[in-house]
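Before any comments, here is the structure.
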Amino acid sequence: MGAWDKLYIEIGKYKNASEAYNQLVEEELYEYGHDGYNGTITTSEGFFMRKDHPRYGTKKWDDFYEETLDGTKWSNWNCIEIKGAFLKHLKEMNGYKGKRNIKAFVFWGLAAT
């Protein structure tokens, strides 16, 4: 029994992070099954929003990512909401350009394997 770090970016018409998390878990269960050690977000027991994060995609973000994984268990996942220029970029890349009420969330943590 082990664990590896995993990161997901979920984008869509979501009211909040919980809705995005539930959709992501549902997709991963369909793809990888209900094995408790399948190496996906389905091995987590939920997440908590991080308000203390640097801007996504920066060197500070990389350090923050590593620090938040240290000493954690796979049941404890992290989440941030993407805003600003990177959200605009994600919307363009995923066919949401010009659409309203589109949100993007980053989920990361340790997945049980």
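Using θ = phi - 60° in the Karplus curve 6.51 cos²θ - 1.76 cosθ + 1.60, the 3J(HN,Hα) couplings for segment 106-112 round to 10, 10, 8, x, 9, 9, 6 Hz; x is entered for Gly and Pro. Relative to the dominant Cα principal axis of the chain, helix 17-32 is inclined by about 60°. Working from Cα pairs under 8 Å separated by at least six residues, relative contact order for the chain is 47 percent.
If you take the square roots of the eigenvalues of the alpha-carbon gyration tensor of the chain and sort them as a ≥ b ≥ c, do you get rounded (a/c under 1.5), prolate (a/b over b/c) or oblate?
Taking the square roots of the gyration eigenvalues as a ≥ b ≥ c, the chain is oblate.
Applying 0.36 nm per residue to the separation of Ser18 and Lys83 and subtracting their alpha-carbon distance, the gain on full extension is 21.7 nm. Placing R0 at 25 angstrom, the Cβ-Cβ distance between Leu29 and Ile9 gives a FRET efficiency of 0.85 after rounding to 0.05. Under a 5 Å amide H cut-off, with hydrogens placed 1.01 Å from N, Ile82 pairs with Ala104, Phe105, Val106 among residues at least 5 apart or on other chains. Relative protection proxy for 16-24, 88-96, from highest mean packing down: 16-24, 88-96 (other beta-carbon atoms within 10 angstrom).
Only the coordinates and a few stated rules stand behind these numbers; no lab work does. Since the structure is predicted, the reported quantities are computational estimates derived from the model, not experimental observations. Cβ sites come from the backbone with ideal geometry, for glycine too, and all protein chains shown count toward neighbours.
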